[in-house]
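Undergrad: Here it is: the structure, laid out below.
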Amino acid sequence: MRVRFDPGAPYEVEETDVPFARPEGKELLARIYRPKGEADAPLAALVDVHGGAWSRGERTTGAHHGRALAASGLLVISLDFRQGSEHKHPAASADVAAGTCAPTRPGSASIPDASGSWAARAVASSPCSPG
């Protein structure tokens, strides 16, 4: 099946976890939701930054959203990031920046949720470092 963006398309979805950063020796993972099949063109990427009041939640918190968006032909990248009392600001923002800069290209977007929105906003106006 050829894949293209189609909100009504019922593409099957494959999910994989991949490391995207290792701050302070802690491996951070991204859950990748991708429609199965060969894409007609490069897929638009959407970065998902979960909420959780800075202390809970992880890359699978919005799994139902990630699966639904991938089923319509989008590539969804859902990020883990350091949080809680043991990781002070700007740890979360740095992690979100690391995960957000990798897939940047035209057609990419970030839809943060709750506390994730603050981390995403903190990096949205900062340019990505090369490499």
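Undergrad: Go through segment 1-36 and report how many residues are modelled with pLDDT under 90 and within 17 Å of HIS65 (Cα to Cα).
TA: 6
Undergrad: Does VAL13 satisfy the condition of being farther than 26 Å from ALA97 by Cβ and in contact (Cβ under 8 Å) with a residue 40 or more places away in the chain?
TA: Criteria met by VAL13.
One line per residue, one yes/no per condition, for (1) surrounded by fewer than 19 Cβ atoms within 10 Å (Cβ to Cβ); (2) assigned to a loop (DSSP other than H, G, I, E, B); (3) of a type outside the set (Lys, Arg):
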{"site": "LEU29", "(1), (2), (3)": "yes, no, yes"}
{"site": "ARG34", "(1), (2), (3)": "no, no, no"}
{"site": "ILE77", "(1), (2), (3)": "no, no, yes"}
{"site": "SER85", "(1), (2), (3)": "yes, yes, yes"}
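Undergrad: Among the residues of segment 10-27 satisfying the criterion of being of a type outside the set (Asp, Glu) and either surrounded by 14 or more Cβ atoms within 10 Å (Cβ to Cβ) or touching a Cys at 6+ places or on another chain (Cβ under 9 Å) (or both), which is farthest from PHE81 (Cα to Cα)?
TA: TYR11
The values are calculated or read from the model by the stated rules, or taken from the named source; none is laboratory data. Keep in mind the model is a prediction, meaning the values are calculated, not measured. Using ideal geometry, Cβ is built from the backbone for each residue, glycine included, and neighbour counts are taken over all protein chains shown.
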